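To start, the structure under review is shown below, and the notes come after it.
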Amino acid sequence: GESVGLHLPTLSVQEGDNSIINCAYSNSASDYFIWYKQESGKGPQFIIDIRSNMDKRQGQRVTVLLNKTVKHLSLQIAATQPGDSAVYFCAENMGGGSNYKLTFGKGTLLTVNP
Amino acid sequence: KAGVTQTPRYLIKTRGQQVTLSCSPISGHRSVSWYQQTPGQGLQFLFEYFSETQRNKGNFPGRFSGRQFSNSRSEMNVSTLELGDSALYLCASSFSGPSTDTQYFGPGTRLTVL
């Protein structure tokens, strides 16, 4: 089966709290990882990505951590806002260069309570 | 800059029919990828086109096909529709490829097969 999976299917947080969404992958050859956000009725929206030669990458209010030792990926959202409520997907690319084999996790539903 | 557009947004077909979906990428983007999203299987990669050539392909039967035109617009076709083909079909574009550049998704076409 596919290698990407999520530890928690749902996550409920209070507005202003930090959120952490986790993702496990099984292919040590994966070299590129991406987090997407999908709101109801819309296509996935790119949040942040990280390549396998990095352990951490920060964006605006978001941080992605990559632990290659245990094949774990996490997305941290700081000061979570109601607008962050959505399904979050992790994805891994198992191809190299122009070879592309992007596999998505099932998704985690994040609900932010005001 | 206009985003990725997909037409039609909604489609209802019956088993055995065929369907063609259209995707217009962001101006300047040469790579177009197609995905199928269902509640059970999540997001699954169908194929990627670059410069009018299919460059990568997922694990879908030959009933699923696509093409890309010289202006980078892409179409996908599903022949002999089955009930299980009911899904949200998403198109995404990127400048040179989803494993090297950020890809942007369209809103999707919701296909219902009766």
If neighbour count is taken as other Cβ atoms inside 10 Å, put A:GLU92, A:GLU39, B:GLU48 in order from fewest to most. A:GLU39, A:GLU92, B:GLU48
Going by C-beta contacts inside 10 Å, put B:MET76, A:MET94 in order with the fewest on the left. A:MET94, B:MET76
Under 26 Å Cα-Cα from A:LYS42, which lysines qualify once same-chain neighbours fewer than 8 residues away are excluded? A:LYS101, A:LYS106, B:LYS1, B:LYS13, B:LYS57
Scan around B:SER86 for amide H atoms under 5 Å from its own, H built in the peptide plane at 1.01 Å from N, and keep only partners 5 or more places away or cross-chain. B:VAL113
Would you list A:VAL70, B:VAL4 from fewest to most Cβ contacts within 10 Å? A:VAL70, B:VAL4
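A short reminder: the numbers here are calculations on the coordinates, not readings from a lab. From a predicted model like this one, the values you see are computed outputs, not experimental measurements. Backbone-built Cβ (ideal geometry, glycine too); neighbour counts: all protein chains shown.
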